[in-house]
Amino acid sequence: MIVWTLFLLAVVFILALDLGVFNKTPHIISTKEASKWTLIWVTLSFLFSGVIYWLYTTDYIENPDGLKPAVASMKFITGYLIELSLSVDNIFVIAIIFASFKIPQKYQHRVLFWGILGAVIFRGLMIFFGVMLINKFTWTTYLFGLFLLFTAVKMLFSGEDDDFQPKDSFIYKTLGKIIPITSHMEHEKFFILTEKGKKAATPLFVALIVIEFMDVLFAVDSVPAILAITSDPFLVFSSNIFAILGLRSMYFFLANMLAKFSYLEYSLVAILAFVGLKMLLHDFIHVPEWASLGFIALSLLVGILVSLKFGKEKELTDSDLDHH
């Protein structure tokens, strides 16, 4: 319990430092600043795998699956890479939400900060119940596996994410019935008083709520995917949280380059299909940890390289078509 408490306190401290020191004044986050923070988060995550190795050599953390330190460390990195790769889809949707509600760039970080705070709480609850289900009813592993395969197939044949219209969503319409919504913005305030003296939600608050709900929907995919790697609660939670904490800087880093990573979607399909099959066949085939990690890392690398090579050609073709 001490490790859990210290980990949660560290997360709260990092978030407080983020909003209270590094981003006290709203500003447009440049690609340079975002790339620096993305590198810091990825480095911290990989360094934490060393902490995981050390923890699993001690009695400080409960080890329900009796994992060896090296295996626990690899499971953490695998879970982290899965969550990070699935976050790319989340970034596409966040970009659409910000564009739809015309959120100025300098206020986007504040919205994402509170969105991530909510995501930490929701993910914690989903992981707790997911682990409980798998441990109590082993057959739920097959359900999760089938669900991930279904998601992979759906992702392969679905249209572009641009089809999502935040203002037409159920969340937006429901929120409008609960509290008045204004298109007026007053600095970084979530609520303002209208001329009639009534409290109204600004586009910042509306964007936050829509992002929060979308994150819950994304977690429905990503939590079972990590549970396929391990049902150890601390490994699942910590790998998830590290990926979520780095999501903001990754958003600002990738936001201007989303078109270049158009082929990364196929990497996500391959990862989800692999994890789904691993869950369904776990009684018949044992996939070593290094093989899982290798497949996920290779899928991401191939997706990135293919996107960088053919994404440029695709952009040139599109621009030629525009000129004609």
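A short reminder: the numbers here are calculations on the coordinates, not readings from a lab. Computed from a predicted structure; not experimentally measured. All Cβ positions, even for glycine, are placed from backbone atoms using ideal geometry, and neighbour counts span all protein chains on display.
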Computed over the chain, the relative contact order (Cα-Cα under 8 Å, seq sep at least six) in percent reads 29
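Suppose the chain between LYS32 and LEU146 were pulled fully straight at 0.36 nm per residue; how much longer would it get relative to their current alpha carbon spacing?
Numbers: separation 114, 0.36 × 114 = 41.04 nm, distance 4.08 nm.
Extra length available between LYS32 and LEU146 comes to 37.0 nm.
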Farthest positive-ward along the chain dipole, Cα basis, beta-carbon charges - from ALA70, LEU148, LEU8
LEU8
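Quick one, what does Rg over Rh come out to for region 167-256 if you take C-alpha atoms and the Kirkwood Rh?
With Rh from the inverse mean 1/r over Cα pairs, Rg/Rh is 1.11.
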Total charge dipole magnitude, region 123-213, about the Cα centre, Cβ charges on Lys, Arg, Asp, Glu only, Debye to nearest 20:
500
Region 153-229 to region 71-145: how many Å between their Cα centroids?
15
State the answer as a single residue: which of TYR251, PHE92, ILE192 lies farthest towards the positive end of the charge dipole of region 2-314, with beta carbon charges of +1 for Lys and Arg and -1 for Asp and Glu, about the Cα centre.
ILE192
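Starting from the alpha-carbon convex hull of region 77-177, give the projected area averaged over all orientations, in nm². Intermediate results must be reported in sequence, preceding the final value.
On the way: hull surface 35.0 nm².
In nm², the orientation-averaged hull projection of region 77-177 is 8.7.
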Starting from the 7 Å offset along Cα-to-Cβ, what nm value, one decimal, do you get for the label separation of ALA70 and VAL287?
2.1
Determine the dipole magnitude for the chain: charges of +1 sit on the beta-carbon of Lys and Arg, -1 on that of Asp and Glu, nothing else is charged, the reference point is the Cα centre, and the result goes in debye to the nearest 20.
800
Using only C-alpha atoms and all pairs of different ones, pull out the Kirkwood radius for the chain in Å with one decimal.
21.0
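Please check the chain for the longest run free of chymotrypsin sites (Phe, Trp or Tyr not before Pro) that are loop-located per DSSP (anything but H, G, I, E, B) and have at most 14 other Cβ atoms within 10 Å. Present the calculation step by step, with values, prior to reporting the outcome.
Details: sites that count: TYR60, PHE137, TRP139, PHE284.
Longest run free of exposed loop sites: 140-283.
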Does anyone have the angle between helix 264-280 and the longest principal axis of the chain? Alpha-carbon axes, 0 to 90°, nearest 10?
40
Can you give the relative contact order of region 1-119 as a percent, counting alpha carbon pairs under 8 Å and 6+ residues apart?
35
